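Okay, here's the structure, questions in a sec.
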Amino acid sequence: MWKARVFDAVGIAYLFLIALVVVFQPDDMAMLNLGRNTLLAILGVAIGFGFSFGFNGIGLKTLGEAIFEPPHKKALAEPIPWYKTFWGIQLATLFVVTCVAGVQVTQVSLYELTDPDGFRGAKKILMSLFNPEMSILPRGVLAIVETIFIAFMATVIAVPIAFVLSFLCAKNIMGGTPFGFGVYMFLRTVLNVTRSIEPLIWAIIFTVWVGIGPFAGMLGLMLHSIASLAKQYSEFIECVEDGPIEGITATGAGPLQVVWFAVVPQIVLPYISFTIYRWDINVRMATIIGLVGGGGIGTMLIQYQGQAMWPEVGTLALLIVIAVWAMDTASAYIREAIK
Amino acid sequence: MAEPLLQIKNLEKVYPNGMRALKGVSFDVKPGEFLVVIGLSGSGKSTMLRCLNHLHDPTSGSIVFKNEDVTHLEGKKARDVRRRMAMIFQHFNLINRHTVLSNVLMGNLSRTNSLSSIMGMFSSEAKEKALGYLDLVGIREKAYVRADQLSGGQQQRVAIARALAQEPEILLADEPVASLDPATCHTVMDYLEKVNKELGITIICNLHFLSLVRRYATRVIALKEGNMVYDGDPKNIDEAWFEKIYGEGAREVHVN
Ligand SMILES: Nc1ncnc2c1ncn2[C@@H]1O[C@H](COP(=O)(O)OP(=O)(O)OP(=O)(O)O)[C@@H](O)[C@H]1O
Ligand SMILES: [Mg+2]
């Protein structure tokens, strides 16, 4: 039940910290004092644990308890309306407090939203977006073709690499020996870290490495695609049926033959489907990556945006919408058809 | 008396989780026998077959195959023993997305190098033979149909053809008819009998129904909680033995 305790403790610590801010109204200097604030947070968690165990001691069902209790207990719970339960009140309190704090932090302001000057500016941009400047269309088309090729190359290079990696990070293939398990853990970690870094960041790193342009964008996308595809592929490998593997092993086939004849037929379709989907995602991401100098239409867009040339931006935005919509639709139809 | 084909002595299997599935089983198998293994669910029948062809590694004891100790083998040697002891399964274990013929050709994998098998290059001789085996189990006309389009009984016959393509000396069958209806059950058992009688392949088969045992077995062994409790003629399994194998108050179920 430690998950429930930790959950409640963190929740209570959070309320405690917000209460401190409300009561003491700290200035910027005080907010930036990371060392002291960390201590306060730890104190909050400690208090939280105290309350959490306390509530549990007097038999109150806290939110953490309600979330993490095992299924067989959940099934036994009496149906009480949530607003009459302790955990319901706890959830509502957390939600309302977070909404109020959120309004403060994101500086939501109806005044700004309805300010006539600002509104006029936005209207001007919107109007010019809908009055695209067609003279840059030819260059825009070339740029979007470049973007689609960036996405294509990133996907095509990523697929075989991810294919091989996916076997090396599938638990059912590698889990048998300590060495295999070591490789599995190592690759999993590397791929998870790679994947958790956005392609945008990778593209920035590569623009420094190979210079601004489509090559940097392609490399960034490719790296992210390898990590994502390897993860998705390996999940399919992990849920293949054992029967065919046993059947082929029993014929005296070698390990490579077992993989080819018993595993591969079970995973080709999901592999193809996810690969097409990945290309589709990559086209969308390639436009964004262009914004940081990864080439293609994104790079062009950010240049016009910097000069506030809105009709030109409108043209490019239109092209992106058409390209993404086309890729999205095509990929959805193909994936549906081969299922 | 003929030289034993397989000599199993004190075979033990302890699974990694500590489960002792076999607790010292010993018996000989003579060439040409149709040996049936019976016993309650969980008595260790599947475990025993899988130890024989090294799908599982036995913990201790010994397996002698034609005077050669094959108890602990790895790599190429283990694969060679698997080829000589083909196996069929309760759930057929075919490759659904491949054709029937392609499934049967997979019986040749241990004798084809990895690269040519992956390119799908099997000799025309192997193909001829594969079609011949399909003929033997009566479904040659299904050769180019996808395996998952067939009924359960037909799939099991394809599995038998795949096993035959291995040109085995022994055929292990783990409850080959347990997921089939009674009529289909007999068809498949009849083909096993044909393989046994016409090709002279020794059969070791796990079965649940005593009526099938009496009809097909030339000899029976019974397992109970990992120990062998009976070894003999199927005709001699009477009421008393039945209760000993299956426990007090068990009733026989008939399949016709
Ligand atoms: N891979 C495994 N790991 C751990 N224990 C296992 C494994 N396979 C089987 N066992 C256990 O070993 C015992 C014997 O199982 P086995 O499958 O050999 O029985 P069986 O006689 O074939 O039963 P059934 O008639 O149900 O097929 C059972 O208690 C089972 O739970
Ligand atoms: Mg079994």
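Provide the packing ranking of B:56-63, A:110-117, A:68-75, i.e. peptides ordered by the mean count of other C-beta atoms within 10 Å per residue, highest first.
On the way: B:56-63: 16.6, A:110-117: 8.5, A:68-75: 10.2.
Final packing ranking: B:56-63, A:68-75, A:110-117.
For the stretch A:217-284, which GluC sites (Glu not before Pro) are both in a DSSP coil and crowded by at most 16 other Cβ atoms within 10 Å?
Sparse-neighbourhood loop GluC sites (Glu not before Pro): A:E241.
What's the FRET efficiency of B:H208 with B:T59 using the Cβ-Cβ distance as r and R₀ = 35 Å, to the nearest 0.05?
Approximately 0.85, to the nearest 0.05.
In terms of solvent-accessible area of protein heavy atoms at a 1.4 angstrom probe, what is the ranking of B:T47, B:T218, highest value first?
The residues order as B:T218, B:T47, largest area first.
Right, something else. Per residue of B:96-104, count partner chain C-beta atoms within 10 Å of its C-beta, then hand back the mean as an integer.
Going residue by residue through B:96-104 and averaging, the value is 2.
Protein chains only, probe 1.4 Å: how do B:M121, A:M222 rank by accessible area, largest first?
Putting B:M121, A:M222 in descending order of accessible area: B:M121, A:M222.
How big is the stretch B:151-251 in terms of Cα radius of gyration and Dmax, in angstroms?
Rg then Dmax for the stretch B:151-251, in Å: 14.5, 44.
Further question: So how do A:98-105, B:67-74 stack up, highest first, on mean other-Cβ count within 10 Å?
Working: A:98-105: 11.5, B:67-74: 13.1.
Per-residue mean Cβ counts within 10 Å order the peptides as B:67-74, A:98-105.
Between the stretch A:239-296 and the stretch A:1-76, how many Å separate their Cα centres?
Each part reduced to its Cα centre gives a spacing of 43 Å.
How high is the relative contact order of the stretch B:1-142? Use alpha-carbon pairs under 8 Å, at least six apart in sequence, and give a whole percent.
Relative CO of the stretch B:1-142 lands at 19 percent.
Okay, moving on. Helix hunt in chain A: which complete DSSP H runs extend at least 24 Å axially by C-alpha with mean Kyte-Doolittle at least 0.0?
Sorted by number, the helices that extend far enough and score high enough are A:2-24, A:34-57, A:86-105, A:137-168, A:178-196, A:214-238, A:264-289, A:310-337.
Report the relative contact order of chain A, percent, no decimals, based on alpha-carbon pairs under 8 angstrom and at least 6 residues apart.
About 19 percent, as a whole number.
Tell me the relative contact order for chain B as a rounded percent, counting alpha carbon contacts under 8 Å between residues six or more apart.
Once divided by the residue count of chain B, the mean separation gives 26 percent.
Continuing with the same structure: Please report how far the C-alpha centroid of the stretch A:127-180 lies from that of the stretch A:194-218, rounded to the nearest whole angstrom.
Each part's Cα centre sits 12 Å from the other's.
A further question follows. Take the alpha-carbon centre of the stretch B:65-119, take the same for the stretch B:194-246, and report the distance between them in whole Å.
With the stretch B:65-119 and the stretch B:194-246 each reduced to a Cα centre, they are spaced 26 Å.
A follow-up question, please. Quick one: putting +1 on the C-beta of Lys and Arg, -1 on the C-beta of Asp and Glu, what dipole do you get for the stretch A:128-337 around its Cα centre, in Debye to the nearest 20?
320 debye
Convex hull over the alpha-carbon atoms of the protein assembly as shown: what's its volume per residue in Å³?
Working: hull volume 156.1 nm³, N = 595.
Cα convex hull per residue, to the nearest whole number: 262 Å³.
Something else now. Could you work out the helix-only [θ] at 222 nm for chain A, with each DSSP H run of four or more residues adding -39,500 (n - 2.57) and the total divided by the number of residues, to the nearest 500 deg cm²/dmol? Don't jump to the answer; show the numbers that get you there.
On the way: 18 runs with 271 residues, N = 339.
So the helix-based figure for chain A works out to -26000 deg cm²/dmol.
So, one more: Sort chain A into rounded, prolate or oblate with this rule: let a ≥ b ≥ c be the square roots of the eigenvalues of the Cα gyration tensor; rounded if a/c is under 1.5, and if a/c is not under 1.5, prolate when a/b is larger than b/c, oblate otherwise.
oblate
Using DSSP to call loops (not H, G, I, E or B), can you name the chymotrypsin sites (Phe, Trp or Tyr not before Pro) in the stretch B:188-217 whose Cβ has at most 12 other Cβ atoms within 10 angstrom?
Loop-located and lightly packed - none at all.
To one decimal place, what Kirkwood hydrodynamic radius in Å is obtained for the stretch A:159-234 from all pairs of distinct Cα atoms? Kindly include the intermediate steps, with their values, before the conclusion.
On the way: mean 1/r = 0.0773 Å⁻¹.
About 12.9 Å for the stretch A:159-234.
Over the stretch A:71-191, consider all pairs of different Cα atoms and compute the Kirkwood hydrodynamic radius from their mean reciprocal separation; express it in Å, one decimal.
Every distinct Cα pair counted, the radius reaches 22.4 Å.
Ok, one more. With r defined as the distance between the Cβ atoms of B:E225 and A:K124 and R0 fixed at 60 Å, what FRET efficiency is calculated, to the nearest 0.05?
So the FRET efficiency works out to roughly 0.10.
Next question. Which FRET efficiency value, to the nearest 0.05, is calculated for B:E167 and A:E241 with the Förster distance at 25 angstrom and r the Cβ-Cβ distance?
Step by step, r from the Cβ atoms, then E = 0.40.
Now, a different point. Note the buried accessible area between A and B here, summed over both chains, with a 1.4 Å probe, in Å² to the nearest 100. Before the final figure, lay out the partial values.
Working: alone 20510 and 11980 Å², together 30610 Å².
Counting both chains, the buried surface is close to 1900 Å².
Order of A:290-299, A:304-313 by packing, highest average Cβ count within 10 Å first?
Taking the mean over residues of other Cβ atoms within 10 Å, the ranking is A:290-299, A:304-313.
Work from the charge dipole of chain A (Cβ charges, +1 for Lys and Arg, -1 for Asp and Glu, about the Cα centre) and give the residue of A:A151, A:Y14, A:S166 farthest towards its positive end.
Most positive-ward Cα: A:Y14.
While we're looking at this one, here's another question. For n ≥ 4 DSSP H runs only, could you compute -39500 (n - 2.57) per run for chain B, divide by its residues and tell me the 222 nm figure to the nearest 500?
About -10000 deg cm²/dmol.
Per 10 Å bin from zero, what fraction in whole % of the C-alpha pairs of chain B is there, up to the bin with the longest pair?
7, 30, 35, 22, 5, 0
What is the average number of partner chain Cβ atoms found within 10 Å of a Cβ in B:81-94?
Mean number of neighbouring Cβ atoms from other chains: 4.
In peptide B:113-124, how many Cβ atoms from other protein chains are near each Cβ within 10 Å, on average?
Mean number of neighbouring Cβ atoms from other chains: 2.
With every protein chain left in place, what is the accessible area per residue of the stretch A:2-116 in square angstrom, probe 1.4 Å?
In whole numbers, the stretch A:2-116 has 73 Å² accessible per residue.
Between A:E336 and A:T177, with labels modelled 7 Å along Cα→Cβ, what's the label distance in nm to one decimal, could you check?
4.7 nm
The values are calculated or read from the model by the stated rules, or taken from the named source; none is laboratory data. Being a predicted model, the structure only gives us computed values, none of them experimental. A quick note on method: Cβ atoms are made from the backbone with ideal geometry, for glycine too, and the neighbour counts reach across all protein chains shown. These accessible areas exclude ligands, DNA and RNA; they are computed on the full protein's heavy atoms, side chains included. Shrake-Rupley method; radii C 1.70, N 1.55, O 1.52, S 1.80 Å.
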